[in-house]
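Novice: Questions regarding the structure given below will be posed in turn.
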Amino acid sequence: MAISAGNSFGTRDKLNVGAQTFDIHRLEALEKNGVANLAKLPFSLRILLENLLRCEDNRFVHAEDIKALATWKPGAPEKEIAFMPARVLLQDFTGVPAIVDLATMREAVVRMGGNPKRINPLFPAELVIDHSVQVDSFGQANSFGLNAELEFQRNIERYAFLRWGQTAFQNFKVVPPDTGICHQVNLEYLARVVCAVPSGNRFEAYPDSVVGTDSHTTMINALGVFGWGVGGIEAEAAMLGQPSSMLIPEVVGFRLHGRLPEGATATDLVLTVTEMLRKKGVVGKFVEFYGSGLSSLSVPDRATIANMAPEYGATMGFFPVDSETLGYLQFTARSFEQIALTEAYCKEQMLFRTDSTPEPVFNDTLELDLGTVEATVAGPKRPQDRVLLRNAKSSFTKVLEGSHSSNVAVKNNGDSFDLSSGAVVIAAITSCTNTSNPSLMLGAGLLAKKAVERGLSVKPWVKTSLAPGSKVVTDYLAVAGLDKYLDKLKFNLVGYGCTTCIGNSGPLPDAIGAAIKDNNLLAVAVLSGNRNFEGRIHPLVRANYLASPPLVVAYALAGRMDLDLTTEPLGNGSDGQPVFLKDIWPTPQEIESTVRASVTSEQYRKEYAEAFEGDAKWKALPIPVGDIYQWDPKSTYIKMPPYFDNMPKNPPALRDIHGARVLAVLGDSVTTDHISPAGSIALDSPAGKYLVANGVKPHDFNSYGARRGNHEVMMRGTFANIRLRNQLAPGTEGSWTLYLPGGEKMFIYDAAVKYREAGVPLVVLAGKEYGSGSSRDWAAKGTRLLGVRAVIAESYERIHRSNLVGMGVLPLEYKAGETRESLGLTGHEIFEIEGVSSLSPKKSITVRAKSENSQVKSFSVVARADTPEEVSYYHHGGILQYVLRQML
């Protein structure tokens, strides 16, 4: 990004690093001018301050914005600012629809007489194909090859489309499949920490920042990189030069001190942190970690904590740059020049932390003595529901109450065994949260080695998998000689990418699946991921627990959740004696010495040398040429969406919403996964029927996530999670509603079509934390395409609220203390929403709900279009329409 025209505070300066000179915006100049006290400002806000200084243009960023942030203190009045990221990170589930939208915008530009080449990422946009591999094969030496082959066959249309995008768009690169997961590739390779960008005949240096189309983009906060997850809609706008509009956030300081005790892992720490911060309430806030405890946490440990910021609800979980950061950059084979620039720039700009750094001022603080962290799991359906390992059995016993408990005889693959509720049927070391951490992965390998040496084996009903986030993991496991022990316990490599945690866990063996289904058994999954929401991991598994990689192996050995791993044996060894978890748990010294002996910089250098190259299959993909995509009308993967159909050059006037009906009445903690699932497509669902009608065989359905380039599938899949409970259709589970006023029960999609044909707008009623979970833009896109004009909820998760506005759906929030229940709303009413025609940020809007007996309830709600920019997006019908009109 070139230096902007504005320089109101005289901060432009030079920085010499070795023989190279960089243009910078010097933060210290603000202090000399008496505008800022940098030492009091949280590190995260210092980076944001530099961003405003560099982007001052008197359009999006004004001098008063800079002054408001420079003089920030807790309790300061709300102030809207515009943040411009240095780059965009995409994964393929969310990246494909983003590139589909850009291709569609090119079509719209041509129709409106413009130049399609103007639709182009203006900043680096890097997409990592990592969400499409499924665990079809497991527990075999060739599982990885079989799964990779199936992945390619299923997704060849999508991959060819992305290859076209690579050639058609500037500043767009793709990391091919079977390389790693976007967050780990970002941490180990893509992140710059400090950017060095050509600007005319000079170079400009500034802090790295990123928005990503995956909510766990926050993992990069571990490196001191400023960034978070956004919906695909917001990411597309950023690629096209549109800043992210935001209010100066509250910053919660999280002080860490002490050291983790023996037996506690970084996973146990993050599950503890997640529970603490959810209780604190940090939705929409920055969390910044500080204190002497940081020096005892490696960058991979920090990454484990930063990754789960969406689970504790924060926008970021930020760790400032320090000597650990520099050591990690060196270890992961970054160039000498990059490391020298990072050190010099951060020290010069007061962005470098040491144990003697003065503590900044925060809006609020909390603290944790690392020495108090204990072995932990979280479940059965939310990441913040932490359970100490020693209490896991008693906690799970309550979950089991009322479920079928007798044994069911099962024969599978030559094994005969009894299956009952509480059986662990999935044990997955999955890529996102923990596989960037060599201590956790080698810890799992060491535990496997000791288990094999004692004669233990995994129970025959457990589907095991190892899906690391980078090829470096399998390199160091092999060097340590631990891969063979994981293989022996059937934790064979199944793929490099997001698998079980996203719902790509693949099918359970037929006999096991049938036993669970036919006998209504409560089956369990244990995974080292970050998401365990209902219906997400596998449709037949109702209880899901997050755990560290070593504990995943331990539960696979135990085979049951209703077992106290701290006091009961995992099984009997080859000598007939009971083996306990404590007998095979590796010591910190064993883990540390194994890490030192087996993880090397050369592994990172080798694996990332050709990160964008791909294998022969990737290179041989047939790709169309040209600036405009050649849409295949027969494709069931890639279709041109209707967002710009008949779009006028100027936005129509805003209108109030009249005569609206309720499509769904939903409770608390409805996730984006409930709204737009990523997993399997049921044969008898509207999406399944559409695919069959278009000649797709059921075994080729793939998943909703893989079909996100086709709006016809995705709108049929909206509100299609098998665990969704629409209270408008009581007693049902899944995608059901009542068509009103007649009360006919039908699929939500079918009802939406009937309402559209009748010209009836729709609303959704919801509870607290609506749209928590993944930054899934299809949860907003599908909602809009079904004809939903507004959502009325008690509260929203940050990204989903923003996505709704970005798709032209108005998020409305009940006034404090009011709920659907307190207002006596049933969902059978007809709604009038008045005041939308003169919308302003956070405006109070009047809702009138007329019941079937013609009684009218009137109440006020707050329109959660929070900033003037968001009001503009809504007025234009969405952020993409807004950007397109701006460009034209």
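Novice: Return yes or no: is residue 71 within 27 Å of residue 779 (Cβ to Cβ) and of a type in the set (Ser, Thr, Tyr)?
Specialist: Against the criterion (within 27 Å of residue 779 (Cβ to Cβ) and of a type in the set (Ser, Thr, Tyr)), residue 71 does not qualify.
Novice: Now for a separate question. Name the residue that is surrounded by the most Cβ atoms within 10 Å (Cβ to Cβ), counting only residues in the stretch 22-61 that are closer than 23 Å to residue 225 by Cβ and β-branched (Val, Ile, Thr).
Specialist: Ranking the candidates gives 47 first.
Novice: Continuing with this model, one more query. Could you go through the stretch 573-592 and let me know if any residue there is touching a Leu at 6+ places or on another chain (Cβ under 8 Å), polar (S, T, N, Q) and at pLDDT 95 or above.
Specialist: Checked the stretch 573-592: no residue is touching a Leu at 6+ places or on another chain (Cβ under 8 Å), polar (S, T, N, Q) and at pLDDT 95 or above.
Novice: Continuing with the same structure: Those residues that are under 18 Å from residue 302 (Cβ atoms), among the β-branched types (Val, Ile, Thr) and either modelled with pLDDT under 95 or assigned to a helix (DSSP H, G or I) (or both), I need them from the stretch 206-237; list them, please.
Specialist: 217, 218, 220
Novice: Name the single residue, out of those in the stretch 108-161 being closer than 30 Å to residue 198 by Cβ and of a type in the set (Val, Ile, Thr), that is farthest from the chain's Cα centre (by Cα).
Specialist: Going through the qualifying residues, I end up with 109.
Novice: Being at pLDDT below 95 and part of a loop (DSSP other than H, G, I, E, B) narrows it down to one residue among 668, 632; which is it?
Specialist: None of the others qualify; the one that does is 632.
Novice: Something else now. Out of the residues in the stretch 343-373 meeting the condition of being within 20 Å of residue 298 (Cβ to Cβ) and in contact with an Asp or Glu (Cβ under 7 Å, 6 or more places away or on another chain), tell me which one is most open to solvent (accessible area, probe 1.4 Å).
Specialist: Checking each candidate, the answer is 354.
Novice: Out of all the residues in the stretch 310-352, which are within 27 Å of residue 600 (Cα to Cα), within 28 Å of the chain's Cα centre (by Cα) and among the charged types (D, E, K, R)?
Specialist: 322, 324, 334
Novice: Just one of 573, 503 is surrounded by 24 or more Cβ atoms within 10 Å (Cβ to Cβ) and touching a residue at least 60 places away in the same chain (Cβ under 8 Å); which is it?
Specialist: When all the criteria are applied, what remains is 503.
Novice: While we're looking at this one, here's another question. Search the stretch 748-763 for residues that are part of a strand (DSSP E or B) and pair each with any residue that is small (Gly, Ala, Ser) and at pLDDT 95 or above when their beta-carbon atoms are under 8 Å apart and the residues are at least 6 apart or on different chains.
Specialist: 762/660; 762/752; 762/787; 763/660; 763/790
Novice: Let me ask you something else. Mind checking whether some residue in the stretch 189-205 is modelled with pLDDT of 95 or more, within 25 Å of residue 17 (Cα to Cα) and assigned to a helix (DSSP H, G or I)?
Specialist: yes
Novice: Which one is most open to solvent (accessible area, probe 1.4 Å), of the residues in the stretch 172-223 that are touching a helix residue (DSSP H, G or I) at 6+ places or on another chain (Cβ under 8 Å) and hydroxyl-bearing (Ser, Thr, Tyr)?
Specialist: 189
Novice: Residues of the stretch 464-509 being farther than 19 Å from residue 594 by Cβ and among the polar types (S, T, N, Q), which ones?
Specialist: Within the stretch 464-509, 464, 465, 492, 499, 500, 504, 505 meet the criteria.
Novice: So, one more: So how many residues does the stretch 596-626 have that are charged (D, E, K, R), surrounded by 15 or more Cβ atoms within 10 Å (Cβ to Cβ) and closer than 19 Å to residue 475 by Cα?
Specialist: 1
Novice: Please go through the stretch 124-140 and give me each residue that is open to solvent by less than 10 Å² (accessible area, probe 1.4 Å) and of a type outside the set (Gly, Ala, Ser), ordered by number.
Specialist: Residues satisfying the conditions are 127, 128, 129, 130, 131, 133, 135.
Novice: Give the stretch 843-885 a look and list any residue that's among the β-branched types (Val, Ile, Thr) and over 29 Å from residue 817 (Cβ atoms), or say none. Explain how you work it out, then say what you get.
Specialist: Step one: list which residues in the stretch 843-885 are among the β-branched types (Val, Ile, Thr), which gives 845-847, 856, 861-862, 867, 871, 879, 883.
Of everything in the stretch 843-885, those that are among the β-branched types (Val, Ile, Thr) and over 29 Å from residue 817 (Cβ atoms) turn out to be 879, 883.
Novice: Mind checking which residues of the stretch 379-428 are closer than 14 Å to residue 509 by Cβ, open to solvent by 80 Å² or more (accessible area, probe 1.4 Å) and part of a strand (DSSP E or B)?
Specialist: Passing the criteria: 411, 416.
Matching residues to (1) buried (at least 16 other Cβ atoms within 10 Å of the Cβ); (2) closer than 15 Å to residue 815 by Cβ; (3) of a type in the set (Gly, Ala, Ser):
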{"position": "845", "(1), (2), (3)": "yes, yes, no"}
{"position": "853", "(1), (2), (3)": "no, no, no"}
{"position": "856", "(1), (2), (3)": "no, no, no"}
{"position": "861", "(1), (2), (3)": "yes, yes, no"}
{"position": "879", "(1), (2), (3)": "yes, no, no"}
{"position": "885", "(1), (2), (3)": "yes, no, no"}
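Novice: Quick check on the stretch 722-753: of everything there that is over 30 Å from residue 158 (Cα atoms) and among the β-branched types (Val, Ile, Thr), which residue is surrounded by the fewest Cβ atoms within 10 Å (Cβ to Cβ)?
Specialist: Taking the candidates together, the pick is 732.
Novice: Here is a further query. Quick one: how many residues across the stretch 682-698 are under 20 Å from residue 725 (Cβ atoms) and either touching a Lys or Arg at 6+ places or on another chain (Cβ under 7 Å) or open to solvent by less than 80 Å² (accessible area, probe 1.4 Å) (or both)?
Specialist: Taking the stretch 682-698 and keeping what is under 20 Å from residue 725 (Cβ atoms), we get 682, 684-687.
Narrowing further to those that are either touching a Lys or Arg at 6+ places or on another chain (Cβ under 7 Å) or open to solvent by less than 80 Å² (accessible area, probe 1.4 Å) (or both): 682, 685-687.
Result for the stretch 682-698: 4.
Novice: Of the residues 262, 234, which is among the charged types (D, E, K, R) and within 17 Å of the chain's Cα centre (by Cα)?
Specialist: One residue alone meets the criteria, 234.
Novice: If you check every pair at least six apart or on different chains, which have Cβ atoms under 7 Å apart with a residue in the stretch 282-310 that is open to solvent by 10 Å² or more (accessible area, probe 1.4 Å) first and a residue that is among the acidic types (Asp, Glu) second?
Specialist: Pairs found: 283/797; 285/250; 290/359; 292/355; 295/355; 298/324.
Novice: I've got another one for you. Taking the stretch 576-595 only, how many residues are buried (at least 19 other Cβ atoms within 10 Å of the Cβ) and not in a loop (DSSP other than H, G, I, E, B)?
Specialist: 6
Novice: Given (1) touching a residue at least 60 places away in the same chain (Cβ under 8 Å); (2) open to solvent by less than 40 Å² (accessible area, probe 1.4 Å), identify the lone condition not met by residue 832.
Specialist: Status for residue 832: all satisfied but (2).
Novice: If you don't mind, there's one more thing I want to ask. Looking at 701, 719, which is the one that is open to solvent by less than 10 Å² (accessible area, probe 1.4 Å), more than 23 Å from residue 638 (Cβ to Cβ) and either under 24 Å from the mean Cα position of the chain (by Cα) or of a type in the set (A, V, I, L, M, F, W, C) (or both)?
Specialist: Exactly one of 701, 719 is open to solvent by less than 10 Å² (accessible area, probe 1.4 Å), more than 23 Å from residue 638 (Cβ to Cβ) and either under 24 Å from the mean Cα position of the chain (by Cα) or of a type in the set (A, V, I, L, M, F, W, C) (or both), namely 719.
Novice: If residue 768 satisfies all but one of (1) part of a helix (DSSP H, G or I); (2) surrounded by fewer than 17 Cβ atoms within 10 Å (Cβ to Cβ), what's the number of the condition it fails?
Specialist: Tallying (1) part of a helix (DSSP H, G or I); (2) surrounded by fewer than 17 Cβ atoms within 10 Å (Cβ to Cβ), residue 768 fails exactly one: (1).
Novice: Mind listing just one residue for me: the one in the stretch 772-799 that is among the acidic types (Asp, Glu) and within 16 Å of the chain's Cα centre (by Cα) and, of those, surrounded by the fewest Cβ atoms within 10 Å (Cβ to Cβ)?
Specialist: Checked the stretch 772-799; the qualifying residue surrounded by the fewest Cβ atoms within 10 Å (Cβ to Cβ) is 797.
Novice: Something else now. Starting from residues that are among the basic types (Lys, Arg) and more than 19 Å from the chain's Cα centre (by Cα), keep the ones in the stretch 265-281 and report whichever is least open to solvent (accessible area, probe 1.4 Å).
Specialist: Applying the filter and picking the extreme gives 280.
The values are calculated or read from the model by the stated rules, or taken from the named source; none is laboratory data. Keep in mind it's a predicted model, so treat the numbers as computed, not measured. As a convention, Cβ positions derive from the backbone with ideal geometry for all residues, glycine included, and neighbour counts pool all protein chains shown. Heads up: the accessible areas ignore ligands, DNA and RNA and are worked out on the full protein's heavy atoms, side chains in. Shrake-Rupley method; radii C 1.70, N 1.55, O 1.52, S 1.80 Å.
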